[in-house]
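Notes follow once the structure below has been shown.
Please treat every number below as a calculation from the coordinates, not as lab data. This structure is a prediction, so every number in the text was calculated from the model and none was measured. Heads up, the Cβs are rebuilt from the backbone with ideal geometry, glycines too, and the neighbour counts pull from every protein chain shown.
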Amino acid sequence: MTATRQGGDMLGVAAAEEKGIDTARYRRLFKHLPTAVVAITGVDAAGEKLGMVVGTFQSLSLDPPLVMFSVDKTSSTWPKIRRLKHFTASVLGAEQVPVCRQLSKKGPDKLAGVPHHAGPLGTPHIEGALAWLDCSVTAEIAVGDHFMVVGAVTGMGEDGGNPLLFLGREFGRYEPLQPVAPEITTPAQTGVAS
């Protein structure tokens, strides 16, 4: 199913600028928001293995299990994956920057040199990924200059590890905050006699 919504609440660049939203500033603002790096892979009707990277992947629903991501309307890879209605999302680990760079390139053979194997849907599963989700496309909605894609999860697996993150045009990793030890006060400090 493909749905398109047009209306006043989904602004294009020209409309955003008319509303006083500076698109360059808007883009800079979102450099402060870290995103996970997820490979979206599929196979076209001719058997060509396809791949691309998104930073917008997330859970949408628990019941039924649905995920979503957005992809630029100018993508040359997404229309090929879309045709067969199945994809795999592989959550890349912190050591998989080379995989991300390879899948981000323009042109064919993006999976050349990327370790992978065929999953249950026949779609490539990226080896070394922290987790994978096999999905069928249930909706695609045109929103501004992107498509919002919704997928129903048909299978999944996880190995765990540290995720690859993207923030401010740089790759990084998650590091938990160290708990701060509670400050210990003595009766003398509080003025309370013991």
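How high is the relative contact order of the chain, in percent, counting Cα pairs under 8 Å that sit 6 or more residues apart? If you can, show how the numbers build up before the last one.
Working: 361 pairs, mean separation 48.8, N = 194.
Value for the chain: 25 percent.
For the chain, set up a GNM with springs between Cα atoms under 10 Å and report which of Asp134, Asp72, Asp159 has the largest fluctuation.
Largest GNM mean-square fluctuation: Asp159.
Among Gly47, Gly161, Gly119, determine the one that fluctuates most according to a GNM of the chain built with springs between C-alpha atoms less than 10 Å apart.
In this elastic network of the chain, the residue with the biggest mean-square fluctuation among Gly47, Gly161, Gly119 is Gly47.
Answer with a single label: of (i) 122; (ii) 210; (iii) 110, which was calculated as volume of the Cα convex hull per residue in Å³ from the structure in view?
So the calculated entry is the one marked (ii).
Give me, ordered by chain and number, the residues 5 or more places off Lys73 or on other chains with an amide H under 5 Å from its own placed amide H.
His146, Phe147
Which order do Phe171, Phe69 fall in if you start with the one that has the fewest other Cβ atoms within 10 Å? Display every interim value, and only then the final one.
Details: Phe171 15, Phe69 23.
Ascending Cβ contact count within 10 Å gives the list Phe171, Phe69.
Springs between alpha-carbon pairs under 10 angstrom, Gaussian network model over the chain: which of Arg169, Arg82, Arg101 fluctuates most?
Highest fluctuation of the listed residues: Arg169.
Give me the extension gain from Ser104 to Phe171: residue separation times 0.36 nm, minus the current Cα-Cα distance, reported in nm with one decimal. Intermediate results must be reported in sequence, preceding the final value.
Values: separation 67, 0.36 × 67 = 24.12 nm, distance 1.34 nm.
Computed gain between Ser104 and Phe171 is 22.8 nm.
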